[in-house]
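Visitor: Sharing a structure, written as structure tokens. Questions coming.
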Amino acid sequence: MASAIFTLMFLATMVLLQLMAVAQTDGSKPVGASITANDDAPSWLSSSGEFAFGFRQMVNKDYFLLSIWYEKIPEKTVVWYATGEDPTDDPAVSKGSKVELTADSGLVLTDPQGNRIWSSGGFLGTVSSGVMNDTGNFVLQDRNSDRLWESFTHPTDTLLPTQIMEATGIVSSRRTETNFSLGRFQLRFLDGNLVLNAMNFPTKFAYDAYYTSQTSDDSNSFNSGYQLIFNESGYMYILRRNGQRSYLTEGTVPTDFYHRATLNFDGVFTQYFYPKASSGNRSWSSVWSRPDNICVGMGSGLGSGVCGFNSICDLKADKRPECNCPKGFSLLDQNDKYGSCIPDFELGCRSDGLNSTEDQYDFTELINVDWPTSDYERYRPYTEEECRKSCLNDCLCSVAIFRDGCWKKKLPLSNGRVNTGMNGKAFLKFPKGSGPLDRPPFQRPGEKKKSDTKLITGSVVLGTSVFVNFVLVGTFCLTSSFIYRKKTEKTPEGGSCLETNLRYFSYKELAEACHSARDHLL
């Protein structure tokens, strides 16, 4: 009898282990399954183990991101993440937060106190299980295996092979490389065109597109684009309603590679590939990107451009932008190298009439640099010397561009860029004595400026000098007054002092001299 019971228990255990193995290998998880964010948090793997769903630990080890990532590559590149109820907030959650698979709301993310942060929600039906697919798509399905919700229809900043973005879909960039809150750039359909545009915060007002696919037909909407398809072979194209395809992917796509298309935080939409083999170049390489030159391509009259206000955009070899402050400017936020720059000196018009003159200001000269949306005046025909003098003597003018005439600009400057095809010069005005000429052409992020130290040291020395001089003059006045009184006490009326080469000053003269010196110092 005992032997039979043992045999039954053994068989039951084996069946249970097989069921657990099947559940693991097909990537499915039942309702009630959960993961808690901590240093050793498990993840839900796809059947091949190539994709994982769970909590990715952030640079700050106390915070985690609910996300999907490539599991088999060292970078663990994130391809989807939960954005929270307000996508502009940082979606990283603290240690102890939990994601649970529920029947009525699907995936539910709560903080350590049990407060709901995010849920998949928004579907009709009852969830039976969740499946992490080998395509990178996490799917919630009912007991009939019908799909109720999937991460592919709620993209963040990345599209994967077999994923389709419909006409109403939007791909949004993250804020920075390590900050996954909502960024400034969007990929979306607009009247049949696939477009890239920047937007502002907090209103999310969309600026003019800096890239458009030219797949719109105003005369016949049947010829316009309505789907962005990333097929399983790694080719991306826009599908028109008439069935025609407009390919974004150019040339031949390498096989046996991972593929993704990401709207980077700097606004460049790029398709990447990564070798699945453990040998060779183990890094993400670019297949193509849009636009070809985002520094020059972004020309909306609103917003700062790719970089912040007063900054300069320069295109790198990988077609990604680099932002730098010009001479005499510093980052407003030292932790945001793509942010705005502020001048290290004061420019502007003064009410006392002592405004800009050639004696007060000079220029820093930059070749093929422009801020094309910051003009307030243009002179043509005009020589280079006339252009320089006009800006020097105009208290409103901060920059003059000499190119096909003279373009005058005032702060803040927007859409700054290096453009080798411009064939022009930029003259940045600065007060003489502020010292930007001893700095490099662009103020690189993180570089320390000696001028700040000089300014502080100079202020201290100047302040100390004024104080010391004031004390010396005061001492001289008091001493002189004391000596005068002593002399008048010892000298008989009508008498004379001992003869000396020093001039004898009256009390009235000393008082007037001290008063004048005090006024001069103050």
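Visitor: On average, how much accessible surface per residue is there in the stretch 62-101, in Å², for a 1.4 Å probe, leaving out ligands, DNA and RNA?
Guide: Numbers: 1540 Å² over 40 residues.
Heavy-atom SASA per residue in the stretch 62-101 reads 38 Å².
Visitor: Relative to the present Cα-Cα distance, how much length would full extension add between Ala33 and Asp359 at 0.36 nm per residue of separation?
Guide: Details: separation 326, 0.36 × 326 = 117.36 nm, distance 7.46 nm.
Separation in residues times 0.36 nm, less the Cα-Cα distance, equals 109.9 nm.
Visitor: For the stretch 172-218, place one equal point scatterer on every Cα, skip the solvent, and apply the Debye formula. What is log10 of I(q)/I(0) at q = 0.16, 0.22 Å⁻¹?
Guide: Each listed q corresponds, in turn, to -0.47, -0.76.
Visitor: Whole-Å semi-axes of the stretch 277-418's equivalent ellipsoid, largest first, each the root of 5 times a Cα gyration tensor eigenvalue? Walk me through the intermediate numbers first.
Guide: Working: eigenvalues 248, 60, 29 Å².
Taking √(5λ) for each eigenvalue gives 35, 17, 12 Å, largest first.
Visitor: In whole Å, what three semi-axes, largest first, describe the equivalent ellipsoid of the stretch 350-411 built from its Cα gyration tensor (square root of 5 times each eigenvalue)? Walk me through the intermediate numbers first.
Guide: Details: eigenvalues 77, 31, 25 Å².
Semi-axes (√(5λ), whole Å): 20, 12, 11.
Visitor: To the nearest 10 square angstrom, what accessible area does Trp407 show with a 1.4 Å probe?
Guide: 50 Å²
Visitor: Over the Cα atoms of the stretch 125-200, what Rg and Dmax result, in angstrom?
Guide: Expressed in Å, the Cα Rg and Dmax of the stretch 125-200 come to 14.8, 44.
Visitor: Next question, about the same structure. Pull out a ≥ b ≥ c, the square roots of the eigenvalues of the alpha-carbon gyration tensor of the stretch 27-130, then state rounded if a/c is under 1.5, prolate if not and a/b is larger than b/c, and oblate in the remaining case. Don't jump to the answer; show the numbers that get you there.
Guide: Working: a/c = 1.61, a/b = 1.11, b/c = 1.45.
Oblate, because a/c is 1.5 or more while a/b does not exceed b/c.
Visitor: For Glu166 and Ser219, FRET efficiency with R0 = 30 Å and r from the beta-carbon atoms, rounded to 0.05? The partial results should precede the final answer.
Guide: Details: r = 23 Å, r/R0 = 0.78.
Here the calculated transfer efficiency is 0.80.
Visitor: How long is the gain from Asn293 to Leu396 if the chain were fully straight, where each residue apart is worth 0.36 nm and the alpha carbon distance is subtracted? Before the final figure, lay out each step's value.
Guide: Values: separation 103, 0.36 × 103 = 37.08 nm, distance 3.13 nm.
Full-extension gain reported as 33.9 nm.
Visitor: Compute, for the stretch 336-431, the length of the dipole vector about the Cα centre, with Cβ point charges of +1 (Lys, Arg) and -1 (Asp, Glu) only. Units Debye, rounded to 20. Intermediate values should be presented prior to the final figure.
Guide: Values: 13 positive and 16 negative charges, 75 e Å.
With Lys and Arg at +1 and Asp and Glu at -1, about 360 debye.
Visitor: How large is the charge dipole for the stretch 29-84, taken about the Cα centre, if only the Cβ atoms of Lys, Arg (+1) and Asp, Glu (-1) carry charge, to the nearest 20 debye?
Guide: Working: 5 positive and 6 negative charges, 21 e Å.
Here the size comes out at about 100 debye.
Visitor: Further question: State whether the stretch 76-234 is rounded, prolate or oblate according to the following rule on the C-alpha gyration tensor (a ≥ b ≥ c being the square roots of its eigenvalues): a/c under 1.5 gives rounded; otherwise a/b larger than b/c gives prolate, and the remaining case gives oblate. Don't skip to the answer; put the middle values down first.
Guide: Numbers: a/c = 2.14, a/b = 1.39, b/c = 1.55.
Because a/c hits 1.5 or more and a/b fails to exceed b/c, the stretch 76-234 counts as oblate.
Visitor: Please list, ordered by chain and number, the residues whose modelled amide H lies under 5 Å from the amide H of Gln360; skip anything fewer than 5 residues away on the same chain.
Guide: The answer is none.
Visitor: Arrange the residues Asp104, Asp336 by how much accessible surface each exposes, largest first, with a 1.4 angstrom probe. If you can, show how the numbers build up before the last one.
Guide: On the way: Asp104 115, Asp336 55 Å².
Final ranking, largest accessible area leading: Asp104, Asp336.
Visitor: Residues of the stretch 143-189: accessible area per residue at 1.4 Å, in Å²?
Guide: Values: 2110 Å² over 47 residues.
In whole numbers, the stretch 143-189 has 45 Å² accessible per residue.
The values are calculated or read from the model by the stated rules, or taken from the named source; none is laboratory data. The model shown is predicted, which means the values in this text are computed figures rather than measured ones. Neighbour counts run over all protein chains shown; Cβ positions are idealised from the backbone, glycine included. Only protein heavy atoms, including side chains, enter the accessible area calculation; ligands, DNA and RNA are left aside. Shrake-Rupley method; radii C 1.70, N 1.55, O 1.52, S 1.80 Å.
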